[in-house]
Amino acid sequence: MNRMNSLLAVALFANLPAIAEAAEFGDIRGVLEDTDGMPVPNAEITLKGPNVPMPRTENTAEDGSFSFRNLPPGTYDVEVVFQGKVVTKGQVDVALNAVTRANLTANLNASDATIDVFGVRPAMDTTSSALSTSLSAETIQNMPVGRTFTDVVNTLPGVYGRVDTQNGGGGGANPSVRGEGQYGNNYTIDGISVRDPATNTVAQSVNFDAIEEVQVYTDGAPAEFGQFTGMAVNVSTKDGGNEHHGSAAIFYSQHAWFNKEYDILDTSTGEEAATTKRRFRSPNLALTAGGPIIQDKLWYFAALTTAYDWRIPEGGDTSLSSFGGQGMGKLTYFLNDTISIRYNFTAAPDFFNNFDNDPLTNAEAQTDRRDMAMSHMLKVNIAPSQDTQLEVYGGLTQNTINVVPVSGDAETPSRRDFTGGLFDNAEDYDFNTRARVGGGLRFTQFLNAAGEHRIKAGADAWFLKFNRELRHTGETEIEWIDSDGNPTGEQTLVGTEYSANPEEGYDCTQPDGSDCYYREHWVNVGPLGNTVSTYSAFLQDDWTIADQLTLNIGARVDIEDGRNDEGNSPTTQLVDEFTVAPEEREVGELGARVMPAPRVGFSWDVLGQGHTKVFAHAGRYYDLAGGDFWEWSNARSSAGFVRYTRDADGNWIWSNTQDPEGHPLIYAAGVKPAHMDKAIAGVEHVIADEVVVSLRGILSKTANIPEDIDVNLDDWYIMNSPLKERNYRGLEVAFQRRHDGNWGFYGSYTLSESFGHTPGQFELASGASSGSNGNNVGVYLDDIGEQADRAFFYDVGYGWLLEGLKGLGRYSVTDDTYNDDGGFFGYLPYHSFHALKLNGSYSLPFGTTLGLVYEFDSGHAWQKRTLIPFYGYDGMQEGRGTRFMPASHYVDVRVAHMFEFDEHKSLELSLDIFNMPGFKAPITYFENDTVGFGKVMFRQSPRGIRAGVKMRY
Amino acid sequence: MYRHFTLLLVAGMLPACKLATEPRLVSIDPDYAYTDGCTDVTISGARLGTEATASIGGNPIEGWAAAEEDPTRGEHAQDVGFKYYGVSPANYEAGGTFVDVDLTIDDVTLTLDRGFYYLACPGDFMVEAIGVGETNVVGDAIGVFGCGIDEAEVTGGLYSVTDFTQVASFDIVSDCRGAITHFEVPDVADGTYLVYMTHSNGGSGGMLCDPSDTGLDTATVCAPTYITIDSSGGAR
């Protein structure tokens, strides 16, 4: 995948780690039997691994059972001694938040030379009713995927990330899953959320070579995981260990290999035309190192990635570049056998040169972005026994985005900033800071009472502060000018400059009907920001009632409270008081949002051998509203809806839209984030050689989706619209074999559909910038459901306006029988009717590894809006209307050869080819509108290559 | 044993996971028209088949026809945005009100509840557009569009652009009630004339400029419609 895309997506949406905590451990559970099948009690089982400082030893019980709990993920050497003699040994893999079943056979009569060496991997977790996939470092390193964890996630069933299912075009760093949008997922690295709470996007990546394990809950996640409606991605990084190890790698990636053009829609003409493909080149350096500072006491692990990206956007001719990197450091101190302390530090600077090439601004001017994300986390782990563990953690993160013009002046404005404003000169800037501080604790206890309980409980609190300061100096009062450039004497809004030159702005019409062109300037709005506090608590009991049946019972509650930049909670009004004069309405306070989310499931090991399980799970999932939700208490967005009024001296001043004089957006009393109810059921069976076959069905419904509803022209409410919901249903079969160092495989077929309200949901807003992604909060008028107001529009000749904006569905407060579910109808973009994924790798005996990723997407259609002609291509390039993605195939291959010098030292040469056949299927075209019918908007990413050299020691 | 569970599971899930097959009525575009009707409308929805019937305010939609299926849309042709075309019926009683749009398919009726607005014609009649060409010849049919343009009540004429006297008269011919009409260019000398129409009640057609109004130059309050007659056929 194109790292530039990922970088842009990551950096654009700023990064702010730390919301919810997530598990960082896994367990081993098994039975030791002799070759006759009789249990072997009192055998000593010793476990050693790179991620634990000292060996762990447990004795088998009378029935031969044993367990190791709270182990960091990784591969462990296991040795079993009975009556002073080694009776078996081998390796066991531990996956994140999963139980590896290790049923071992002791050869009581064998000599050392005849001991069978076993290898056990977590094929099936019979204690879990969740749909969870754990991908080991070996798995992800040997597949042809982009070197980010989100690219890895794209290979999983139910995940759509290769294409941007929402807007069309290539997928970015934010995949969608099971009918939820790209912004519904939560991501944790080493247990700490790295999702930006303002934009709900991936905020921070990690050196690919530092990843130990990636675990993904697509469905049925336990109560420990929260604040998402899509999936929970849990990444665990490597630790230092008692031996010095590391890696150094150089990769070079390039797009547009061979043919450089294809036909896509030229939005300026409305016709398809030969267009230069998006191109990029990117050298990349990746280093890791880890080991002991003090044996068994103090470990370090560090990773560094640097990348330079050069690209030319699709159809463009201006090159853009960026330079950035990610660094992380981890120190782990083992105070004693019980207490360990870990400190994590990350830093991720990114510099984008000329990151925007808006054609409205002059070609010479440039805007740069200089971002920096940093985090510090401290965690204390207290484990008095393997049955009891307390984790206490705290952290501080800060991220800044600074957008500055590096050329241009008032006469030749520089680039458009990423929220849509124009900079005038080098004194302007857009400076974002997001800081977060918080912490929490998590307690794990295993209990034997009416079966075995694994009880987890936790709570945390995080406090987030957004700050943004815009400085735009083009704050002169502008007058209309005639076609000769002479002022007409009529006054217009401050901050908007009009021109007679079509090259200098968007189309507009002057009061006298003549054409004009405008562009916007903003006054210096000064710092503005808000504060969002989140609190969460959960309790989860995985209760194995009997050997074959485990109940997964849990509940969590999340609380979110936001304050505007004056420290006040937004005021609320009752929606049904919209007919009352504003000054007579009952005013309340939004206050904290409380979101309880119960979950329950069972897993039945049908035959008690860990080979077959039947499971089901049902639960509620709340996403956070995030910064956007609360930012509306400052303004309709941080910039686009700032209003201006004159003060007593006649000077223009900024005022926020909670100003009751200015048709403010109103928080409806009781408005809260959306929630999803999901139920899954399935059966899994281990067939030969650790291959697990799984058949499962998934049903979900997301409701209570907040939206801005303009019930009439004057009253716009942020409310939980009863019209808007999303549904998903799918049937899926999957085959998986965890990589054993030799080969691994994951194949899946998903039959699914996602339907409901078209995009436009509040919770998907990206950066609160009006109009972005066609998926944002905006006042589209089409919500107006009061018949009198609609009749007014028709009668005064503006019926075309309602007509053109139709699509979201009208909502009537006074007459719910008039509600229009036309906007509700439609397949949503976040699915594919048929999806087939085949991923895996195989290592030949002489050190060559072959990897394959194949993805088939049968295509899908979805309703976005209607009536593209209303907007026309010039006004809204993305257009509105039904979109259609025909079937697409991706074939990515990898060939690598490893020269292995000893157990730890090796040199690997690799070549990855993405979209090897060079497929160029349309991955969005307009379907049935009158203007764009059949026009290809985007095609698959062109063939790309990545060549690499990696040295390990 | 597990095989039985598998079968049960699959059997239980399949109905739930079957792709949606129920028809959906989504929209009518445009969703308003004058009470004369005669407006081309498009009804879109999903899985509507090709045999549906529809009505607006209880009156059958005229000229009703299903869109031709586009083979490139494959299996999704009926899934998203399948369209019917028709013409809105007249409904003079419904002026200024919302009416239901009903679509019947296989004895199932889907309704856009109060999904269509009938605009009452403002005044006796309203001319919104006159389809004059750049040049016209005697006998040409000139389209006149609007509402209430009743051929029995509305008459028109061509007027001199210099002294605003009537040069010729013409009759209105209805093509679709009072919404879509035309007149034939009367036999007059080549030249440019002003077009004007009046109702028997004395009203004019809204946008038309009254030739008797010497303030024709106050063009901001009316839109003079000129017709150029060129018996040579001009540059057509």
Completion exercise
Ordered by number, the residues of region B:112-143 that have at least 30 Å² less accessible area in the complete protein assembly than on their own chain alone (1.4 Å probe) are B:113, B:114, B:117, B:119
Practice task
Might you work out the accessible area of residue A:919 for me, using a 1.4 Å probe with all protein chains in place, and round it to the nearest 10 Å²?
Solution key: 80
Handout entry: Positive-end extreme of charge dipole, region A:26-120 - chosen from A:99, A:118, A:70 (charges on Cβ)
Key = A:70
Handout entry: Listed residue pairs exceeding 27 Å between alpha carbons, taken from A:85/A:456; A:260/A:935; A:678/A:837
Key = A:85/A:456
Problem - Share of carbon and sulfur in the accessible heavy-atom surface of region A:182-273 [1.4 Å probe, %] - result: 51
Practice task
Mind checking which lysines have their Cα closer than 19 Å to the Cα of residue A:330? Skip sequence neighbours fewer than 8 apart in that chain.
Solution key: A:238, A:297, A:379
Fill in the blank from the handout: Result for interface chain A to chain B, accessible surface buried in total, 1.4 Å probe, Å² to 100, stands at 3800
Exercise for the section: Sort A:936, A:81 by accessible area with a 1.4 Å probe, largest first. Expected result: A:81, A:936
Practice task
Report, as an integer, the average count of C-beta atoms from other chains found within 10 Å of each Cβ along B:22-29.
Solution key: 5
Practice task
DSSP loop (so not H, G, I, E, B), at most 14 other Cβ within 10 Å: list which chymotrypsin sites (Phe, Trp or Tyr not before Pro) in region A:187-259 pass both filters.
Solution key: A:258
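The values are calculated or read from the model by the stated rules, or taken from the named source; none is laboratory data. Just so it is clear, the structure is predicted and the values come from calculations on it, not from any experiment. Don't worry about glycine lacking a Cβ; one is built from the backbone with ideal geometry, like all the others, and counts go over all protein chains shown. Note: accessible area is taken over every heavy atom of the protein model, side chains too, but ligands, DNA and RNA are not part of it. Shrake-Rupley method; radii C 1.70, N 1.55, O 1.52, S 1.80 Å.
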